[in-house]
Amino acid sequence: MFRVSNNLVGILNFVTFVLSIPILGGGIWLSTRASTDCEKFLEKPIIALGVFLLVVSLAGLIGACCRVSWLLWFYLLVMFLLIVLLFCFTIFAFVVTNKGAGEAVSGRGYKEYRLGDYSNWLQNRVNNNKDWRRIRSCLQDSKVCKSLEDDNLPQAVFFSKNLSPIQSGCCKPPTSCGYAYVNATVWTKAATTSPDPDCIAWESIPNKLCYDCQSCKAGVLANLKRDWKKVAVVNIIFLIFLIIVYSVGCCAFRNNREDNAFPRWKGNP
């Protein structure tokens, strides 16, 4: 009979193998249907993840169930590297998202965001023109600002609304500009003494608005910070799971070595 650790590794990797098929299929499907920069940006990571899970799960499955020690060794090596990378990423995520927070505005239900409040590493990502064009395209495709426009809120209701960081930074001009409210995405420009360059960048045009504003980039980083905090917590839980699986895999590898050194069919003398 197979030992418990071999059975556990085999079952876990069979489940992973089954999951990798729809992930890989979804990536391939997306590559044939992608029509926007945002969709095209996702296709390669999804395909890479599907291939990675497929290869690693096959190595673990065959290595554990067929007693192929070198495949199980490869599986354990990949698992070890994955644990190290995930640990480093979790620490990195906490460090780079430690700075930055929205600023409350008097008489407003929403907060406003400044790019300089965030870590230099995050600022460099959104200040890169190539990266920002892709992010900007995703924001426009998501129609995050159009949803506010469709609500057609009165000024008092809009000012009391709790906007998301992206809505606050990308869909309206900064409060310091002093522009007159028409609706959520249309504001009448006027002479302003505000030194904020976003006042000049703002336009009441659906495909422009404040998408090129520093406040919009800050709103994206605020949203990213919130998501990365959640991901980091999930990573900690996943790390614990991976360490347990790795420990079980080590037991299975030891079993393989014992079985290969002393084949069971020979029996005891």
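The values are calculated or read from the model by the stated rules, or taken from the named source; none is laboratory data. Just so we're clear, the structure is a prediction, and the values are computed from it rather than from any experiment. All Cβ positions, glycine included, derive from the backbone under ideal geometry; neighbour counts span all protein chains shown. The accessibility values were calculated without ligands, DNA or RNA, using every heavy atom of the protein model including side chains. Shrake-Rupley method; radii C 1.70, N 1.55, O 1.52, S 1.80 Å.
Distance between the modelled labels on I240 and S176, one decimal in nanometres: 4.4 nm (7 Å Cα→Cβ projection). Residues whose amide H falls under 5 Å from that of K111, counting only those 5 or more places apart or on a different chain, are L163, with hydrogens built in the peptide plane. In order along segment 208-225, the Karplus-derived 3J(HN,Hα) couplings, from 6.51 cos²θ - 1.76 cosθ + 1.60 at θ = phi - 60°, round to 10, 6, 10, 5, 9, 7, 5, 5, 5, 4, 5, x, 5, 5, 5, 5, 5, 4 Hz, and Gly and Pro are given as x.
Under a 10 Å cutoff between Cα atoms, tell me which one of A222, A48, A184 has the largest fluctuation in the Gaussian network model of the chain. Looking only at A222, A48, A184, the biggest GNM fluctuation is shown by A48.
Couplings 3J(HN,Hα) of segment 74-88, computed from phi: 4, 4, 5, 4, 5, 4, 4, 4, 5, 4, 5, 5, 5, 5, 5 Hz, in residue order, whole Hz [Karplus 6.51 cos²θ - 1.76 cosθ + 1.60, θ = phi - 60°; x for Gly and Pro]. A simple charge model with +1 on the Cβ of Lys and Arg, -1 on the Cβ of Asp and Glu and nothing else charged puts the dipole of the chain at about 620 debye relative to its Cα centre. On full extension, the segment bounded by Q155 and I62 gains 27.1 nm, given 0.36 nm per residue less the C-alpha separation. The charge dipole of segment 140-259, taken about the Cα centre with unit charges on the Cβ atoms of Lys, Arg (+1) and Asp, Glu (-1), comes to about 240 debye, rounded to the nearest 20. Between segment 64-115 and segment 222-251, the C-alpha centres lie 8 angstrom from each other. Over segment 43-169, how many pairs of lysines fall under 26 Å by alpha carbon, counting only those 8 or more apart in sequence or from different chains? For segment 43-169, the number of qualifying lysine pairs is 12. Applying the Karplus relation 6.51 cos²θ - 1.76 cosθ + 1.60 with θ = phi - 60° to segment 124-139 yields 3J(HN,Hα) values of 5, 5, 7, 7, 6, 4, 5, 5, 5, 4, 5, 5, 4, 4, 5, 5 Hz, where x marks Gly and Pro.
Residues whose amide H falls under 5 Å from that of S119, counting only those 5 or more places apart or on a different chain, are K99, with hydrogens built in the peptide plane.
Sequence-distant contacts, meaning Cα pairs under 8 Å at least 6 residues apart, place the relative contact order of the chain at 23 percent. Computed with every protein chain present, the accessible area of R134 is close to 70 Å² [probe 1.4 Å]. Estimated purely from DSSP H runs of n ≥ 4, each contributing -39500 (n - 2.57), the mean residue ellipticity at 222 nm for the chain is -23000 deg cm²/dmol once divided by its residues.
Once both labels are positioned 7 Å from their Cα atoms along Cα-to-Cβ, the gap between F74 and A101 label points is 5.0 nm.
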